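Report on one structure; see the data block that follows.
The values are calculated or read from the model by the stated rules, or taken from the named source; none is laboratory data. Small disclaimer: the values here were computed from a predicted structure and weren't measured. Glycine also receives a Cβ, built like all others from the backbone with ideal geometry; neighbour counts cover every protein chain displayed.
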């Protein structure tokens, strides 16, 4: 169980990518006072965490409703994770970052949509359901997926808390963000390969 939880935390943290989320959050809340930034950070974390928790709990039930076996989805989800990981490697080596897509707020209005769409992206939701499907049993909840979501969301909360205390003009070197994205991309690819092989093995048995 500990190994499954560890894998879930690493995979989901890599998919959420707290470093990029913090950069997007800083851009979205540019010009706001620190107090409001902390409130917006809490809203963003709760929104992302809620979406992923629902995906972890209800994901396998949705698959059953559509008649999709857990083994097939694990294999397909692993392939999607590999695709996402390759995309992370490519984006880390090309100019422009996801945070550049968000615009600074105007007249005190804040939209956390870019942050939520990135943190709880379809790829992240797929990863949560895949982790849940891999370690799910008929008589219990997918605890590794749920605990993985809680811990990775906590890491995201720490990243956004730090971002809310740093003036927007002070940005972390892009080289550091690229290196972190590269390592996370490799981790996501490795987890995707493992999920694919697990799904194929279980399906063939």
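Looking at 50, 26, just one residue is surrounded by 19 or more Cβ atoms within 10 Å (Cβ to Cβ) and on the phi < 0 side of the Ramachandran plot, and that residue is 26. Within the stretch 1-76, which helices (runs of 4 or more DSSP H) (wholly inside it) include 3 or more residues that are at pLDDT 90 or above and more than 27 Å from residue 201 (Cα to Cα)? Fully inside the stretch 1-76 and qualifying: 34-65.
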